[in-house]
Number of protein chains: 4
Amino acid sequence: MDSDRRFVITLSCPDTTGIVARIAGFLADAGGWIVEAGYYSDPGTGWFFTRQVVRADSLPFDADELRTRFAAVATDLGSNTSWTVTDTAVAKRMVLLVTTEAHCLHDLLGRVATRELPVQLDAVIGNHEALGDIVRAHGVPFHHVDFPLPGNGPRQVAREKAFDELRGLVDQHDPDAIVLARFMQILPAELCAVWRGRALNIHHSFLPSFVGARPYHQAYARGVKLIGATCHYVTHDLDAGPIIEQDVIRVDHGDTAADMVRRGRDIERLVLARGLRWHLEDRVLVHGNKTVVFR
Amino acid sequence: MDSDRRFVITLSCPDTTGIVARIAGFLADAGGWIVEAGYYSDPGTGWFFTRQVVRADSLPFDADELRTRFAAVATDLGSNTSWTVTDTAVAKRMVLLVTTEAHCLHDLLGRVATRELPVQLDAVIGNHEALGDIVRAHGVPFHHVDFPLPGNGPRQVAREKAFDELRGLVDQHDPDAIVLARFMQILPAELCAVWRGRALNIHHSFLPSFVGARPYHQAYARGVKLIGATCHYVTHDLDAGPIIEQDVIRVDHGDTAADMVRRGRDIERLVLARGLRWHLEDRVLVHGNKTVVFR
Amino acid sequence: MDSDRRFVITLSCPDTTGIVARIAGFLADAGGWIVEAGYYSDPGTGWFFTRQVVRADSLPFDADELRTRFAAVATDLGSNTSWTVTDTAVAKRMVLLVTTEAHCLHDLLGRVATRELPVQLDAVIGNHEALGDIVRAHGVPFHHVDFPLPGNGPRQVAREKAFDELRGLVDQHDPDAIVLARFMQILPAELCAVWRGRALNIHHSFLPSFVGARPYHQAYARGVKLIGATCHYVTHDLDAGPIIEQDVIRVDHGDTAADMVRRGRDIERLVLARGLRWHLEDRVLVHGNKTVVFR
Amino acid sequence: MDSDRRFVITLSCPDTTGIVARIAGFLADAGGWIVEAGYYSDPGTGWFFTRQVVRADSLPFDADELRTRFAAVATDLGSNTSWTVTDTAVAKRMVLLVTTEAHCLHDLLGRVATRELPVQLDAVIGNHEALGDIVRAHGVPFHHVDFPLPGNGPRQVAREKAFDELRGLVDQHDPDAIVLARFMQILPAELCAVWRGRALNIHHSFLPSFVGARPYHQAYARGVKLIGATCHYVTHDLDAGPIIEQDVIRVDHGDTAADMVRRGRDIERLVLARGLRWHLEDRVLVHGNKTVVFR
């Protein structure tokens, strides 16, 4: 068996004495070699979180059997326990949603091509045809779905139809990550619910500053000295989902709003790529509207 | 004459062709040796800003004569021109306003004691006696002014009296900088007007995020991944004055609100010290609600 | 005439009184509207540097005439004066040199495709065929030149021939920037001289730390808490050319050398892209082994 | 019992299956409530490291009994195991060594005064009298020990005597941290050995760049774009001890060596304060010449 193969366990449950001992005891009894472990006990919520990485070749059984056995451990820890077991030998799958802004797309295509991101890119779906050629040049299927501007009557109907089509195209891949790489369309509540915990957005401001449209122009008007970007899970409450990662860069009086747009792209690319990597590596546990990120 | 002595000129006026030539020509004709120069032409407002540093020993006249002569140049550049000429041989003066939070005070006392900041600290005025001893140990006068909590009737009267006393204590020094080093009292509109462009505040968030009270607790509740601080000029519109400097540090899920308070102090200290230095060195030009900072 | 068109002037000469006035006077007399200006007087070397950006439509003549007239100004400022005048309407041209590491190439292809970098990419030359397909997918010519490993006798001859071929492929484009985007071959002294001031390298460490081979492995062995990258002009003295830009990211004990290699790519991409942009915008003036960067 | 009281356990030993289970099982059996836990398994050395924080009031015994019982666990994990158990109710003690540079001293005095650092400052020992007054104003004993310049014969004898005196003054406090806050004297090998793992130095460069004297002047000469500081444990091999923390700030061509000295102080203060805090909180485990820092 491949010595790089790992089983990744995540678990969250109400905190109490003995959780670590229970999980560690279970793994030790099976001969499991833990190569990475994160624990966090949140004093605010009284909740416990852990992520553990075990060498697959140290266990005498496979991922399915690990799931079966671990389910018993999780049950012992209470009915509110949530947990996952993933196998690094099974590639994660991803779908990207784009419009015409290409910088995040180019960046992710490059990272997929160089195998820097542990993911298989199944499809890119665009609101315009503009980015189709470069996607296909990377050997990735591109689908065009036209989204009419928001409105009433027939426009609303056409828009709902477009979201239905989008949903069909995405869901056929059952992806682990649905990345809004500057998609610029507000997802309907239903899709937010269906894709909950799997849809990641990159917002081009340091949230909660400058929610809504044209954040760089808002930043320019306010005269801030740093601009930022935020990678967060998509929820029905726009720009308010659980934050995975943020970062900033310095600007000054000499930067116009257009300069900020251009310079901000560097930080959008980075923040999205980091947040996405952590998501794909099962490092992000969501609780309420906050994330625990085991880096 | 001391070869380190400098005259610092700042000027802002509506932009037009030939301003740099006019100023540079004036200085060149007088033999002025420019050792530092910043120019900025703002395409948004059509306004021009400059800061120039001239060796005092390169000019055949003193600062007062320079002011007289430069006034003529400024007049040529239009009636909206504003300008200053300062002489580094004349020490800037500063008054600090504090409450009980000591970290910014300790930091500034240290920087003054080691002559890292080019300023004479004339007095510290505190809402409590708590910080009096350490201030006096540095050989700096400390004045205690008691500020009742905001309220109506007699409390309001007592509060107005306290602000009058504060104003008297400050204004007797005619300071170049009035620093609210975690003063935690909202200045009345009248003082904001009188001290306009000289009163600096340190706000413990990355504005415009988390205006108002307990910003670290707001940041904790939102689950942000960076916290920050903002040094800005005080205006009547709370937390909305022109921003001089901002910076952030990374936090994560393991940081409680109390951790953020503690860790934020490091960034408050730094941001205030940097903003204050730039103010004291005449590097900050205010236009509308934004600053041009010639670093 | 296009109102976005600019003439960019750079000049360096021994410092003396009146240089700014001479240049500004020249521009003002011609009606030149300066939209950006940087000045630096270096106390260490006694040298003066400036970069000025003028609206092309504010001058009654073209770039060639500006060069002719400005030459007279430069002559007045001494025989050691060096200067350039470029026209933003004339696209800069670039050639990339690569081996098999693709991250910087993907990044630059993306930035060229989105017109984020003001440059025309004329060709990519690779030591391996590996990256040919993605280059051609972007519509850019790719040339493969095989470089034998360093050695004596026939190998040395073959290697010299390869560098001759490389030089021919590059020089036919007379590029403004020759970017070693993880090229991993040491250029012979002759090419360093011919391409002086035009060849940019990205070194994967925070120079002068960890010169030479496998810098991330050196960093891992030393246990540093930050890793970095450096964009510098190529000189005959390996890893010692004038530094244009550097940046770092935080690592910790949990990062293996392989993690550092992966994470370092993010900072290599950014540092190279920033340094290259500044080079292309004529923001970088070299003096001795140091750079003045007018950002 | 105080509910904020904690027992902090650190342990390192050769890695094997079941260590976490052994420790966690021991704590769970005693009813221990783990509020913070860090684990690290180093693939390079095959070594395991952990730091665990337990609520004191969750255990039915005191720190001494915990030590006795934990010793048995540690013994089970092999003869190379090293471990510590500390009690946050017992204040850590610190001695500072200084010369004339005051910025780190002022910063640490402020942090001690505001109880930001969990430590009792027992004494400050200076090579000059200069900083005595401010130390005494903080109510801390100051001792002056004169260190002659390095040399031969009588000077060497006097110097050895001074180090003996220093050692006596330090060792009488048996401090947990001996901080060279810009002490600028090279400790003899014997003191490095005696104070091993307890003596922290702040070096004013981003090591391994610019070892030795006048690092800012070296940085200026090389033209780097970032300067840094390094907090490390003192070892006999100068500037080469295990690194605890590093950070950098951006400089540019306009910064003279003197500017770098001044600006570098901000980063020296911060890096020393952070490294010291982690040391005092038993977050730093040393293995060979590297540190594991459980932040």
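The values are calculated or read from the model by the stated rules, or taken from the named source; none is laboratory data. The shown structure was predicted, so the numbers you read here are calculated from the model rather than taken from an experiment. With ideal geometry, Cβ positions are generated from the backbone for all residues, glycine too; neighbour counts draw on all protein chains shown. With ligands, DNA and RNA removed, areas are computed over all heavy atoms of the protein, side chains included. Shrake-Rupley method; radii C 1.70, N 1.55, O 1.52, S 1.80 Å.
Considering only residues that are open to solvent by less than 30 Å² (accessible area, probe 1.4 Å) and in contact with a strand residue (DSSP E or B) (Cβ under 7 Å, 6 or more places away or on another chain), which ones fall in the stretch C:239-253?
C:239, C:241, C:242, C:243, C:244, C:245, C:246, C:248, C:251 - these are the residues of the stretch C:239-253 that are open to solvent by less than 30 Å² (accessible area, probe 1.4 Å) and in contact with a strand residue (DSSP E or B) (Cβ under 7 Å, 6 or more places away or on another chain).
Given the options C:133, C:122, name the one that is open to solvent by 10 Å² or more (accessible area, probe 1.4 Å) and away from chain A (no Cβ under 14 Å). Before you say what the answer is, go through the steps one by one.
Numbers: C:133 fails: away from chain A (no Cβ under 14 Å).
On inspection, the qualifying residue turns out to be C:122.
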Original post:
From the set of residues in the stretch B:158-172 that are among the hydrophobic types (A, V, I, L, M, F, W, C) and closer than 16 Å to residue B:192 by Cα, which is farthest from the chain's Cα centre (by Cα)?
Top reply: B:162
**OP:** Examine the stretch B:207-220 for a residue that is within 17 Å of the chain's Cα centre (by Cα) and either within 14 Å of chain A (Cβ to nearest Cβ) or open to solvent by 10 Å² or more (accessible area, probe 1.4 Å) (or both), and state whether such a residue exists.
**Re:** yes
Subject >> Filtered residues of the stretch C:151-171 (kept if touching a residue at least 60 places away in the same chain (Cβ under 8 Å) and over 22 Å from residue C:91 (Cα atoms)) >> reply: C:166
Subject >> the stretch B:256-276: number of residues that are more than 12 Å from residue B:230 (Cα to Cα) and open to solvent by less than 30 Å² (accessible area, probe 1.4 Å) >> reply: 3
Original post:
Taking into account only those residues within the stretch A:279-295 that are touching a Pro at 6+ places or on another chain (Cβ under 6 Å) and touching a residue at least 60 places away in the same chain (Cβ under 8 Å), which is least open to solvent (accessible area, probe 1.4 Å)?
Top reply: A:280
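Looking at D:264, D:254, D:223, D:275 in this structure, which one is within 12 Å of chain C (Cβ to nearest Cβ) and in contact (Cβ under 8 Å) with a residue 40 or more places away in the chain? It would help to see each step written out before you state the result.
On the way: D:264 fails: within 12 Å of chain C (Cβ to nearest Cβ); D:254 fails: in contact (Cβ under 8 Å) with a residue 40 or more places away in the chain; D:223 fails: in contact (Cβ under 8 Å) with a residue 40 or more places away in the chain.
The conditions single out D:275.
Let me confirm something: among B:105, B:109, B:117, B:96, which residue is within 30 Å of residue B:27 (Cα to Cα) and either surrounded by 14 or more Cβ atoms within 10 Å (Cβ to Cβ) or not assigned by TED's automatic domain parsing to the domain that holds residue B:139 (or both)?
Working: B:105 fails: within 30 Å of residue B:27 (Cα to Cα); B:109 fails: within 30 Å of residue B:27 (Cα to Cα); B:96 fails: within 30 Å of residue B:27 (Cα to Cα).
Answer to the selection: B:117.
Give D:187, D:270, D:280 a once-over and let me know the one that is within 23 Å of residue D:107 (Cβ to Cβ) and in contact with a Leu (Cβ under 7 Å, 6 or more places away or on another chain).
Just a single option satisfies the conditions, and that option is D:280.
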Original post:
If we keep just the residues of the stretch A:58-81 that are touching a residue at least 60 places away in the same chain (Cβ under 8 Å) and outside any helix (DSSP H, G or I), which is surrounded by the fewest Cβ atoms within 10 Å (Cβ to Cβ)?
Top reply: A:80
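Against the definition (within 19 Å of the chain's Cα centre (by Cα) and modelled with pLDDT under 95), how does residue D:240 come out, yes or no?
Working: within 19 Å of the chain's Cα centre (by Cα): yes; modelled with pLDDT under 95: yes.
Yes: the conditions hold for residue D:240.
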**OP:** Of the numbered conditions (1) aliphatic (A, V, I, L, M); (2) at pLDDT 95 or above; (3) farther than 20 Å from residue D:106 by Cα, residue B:124 fails exactly one; give the number of that condition.
**Re:** (3)
**OP:** Go through the stretch D:172-264 and tell me which strands (runs of 3 or more DSSP E), entirely inside it, have 1 or more residues that are over 30 Å from residue D:91 (Cα atoms) and touching a Pro at 6+ places or on another chain (Cβ under 9 Å).
**Re:** D:226-233
Subject >> Residues that are closer than 13 Å to residue D:268 by Cβ and either surrounded by fewer than 24 Cβ atoms within 10 Å (Cβ to Cβ) or away from chain C (no Cβ under 13 Å) (or both), drawn from the stretch D:193-206 >> reply: D:200, D:201, D:202, D:204
**OP:** State the number of residues belonging to the stretch B:246-273 that are under 18 Å from residue B:183 (Cα atoms) and not small (Gly, Ala, Ser).
**Re:** 10
Subject >> Search result, residues across the stretch A:24-56 that are aliphatic (A, V, I, L, M), modelled with pLDDT of 95 or more and in contact with a Leu (Cβ under 8 Å, 6 or more places away or on another chain) >> reply: A:30, A:54
Original post:
Taking only pairs six or more apart or across chains, which ones have beta-carbon atoms under 6 Å, a first residue in the stretch A:38-52 that is within 18 Å of residue D:51 (Cβ to Cβ) and at the interface with chain D (Cβ under 9 Å from one of its Cβ atoms), and a second residue that is surrounded by 21 or more Cβ atoms within 10 Å (Cβ to Cβ) and among the polar types (S, T, N, Q)?
Top reply: A:39/A:50
**OP:** Would you check if there is a residue in the stretch C:136-150 being of a type outside the set (S, T, N, Q), in contact with a helix residue (DSSP H, G or I) (Cβ under 6 Å, 6 or more places away or on another chain) and within 12 Å of chain A (Cβ to nearest Cβ)?
**Re:** yes
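For the stretch B:143-159, which positions are of a type outside the set (S, T, N, Q) and exposed (fewer than 12 other Cβ atoms within 10 Å of the Cβ)? Show your work before the answer.
Step one: of the stretch B:143-159, the residues of a type outside the set (S, T, N, Q) are B:143-151, B:153-155, B:157-159.
Hits for the stretch B:143-159 are B:149, B:150, B:151, B:153, B:154.
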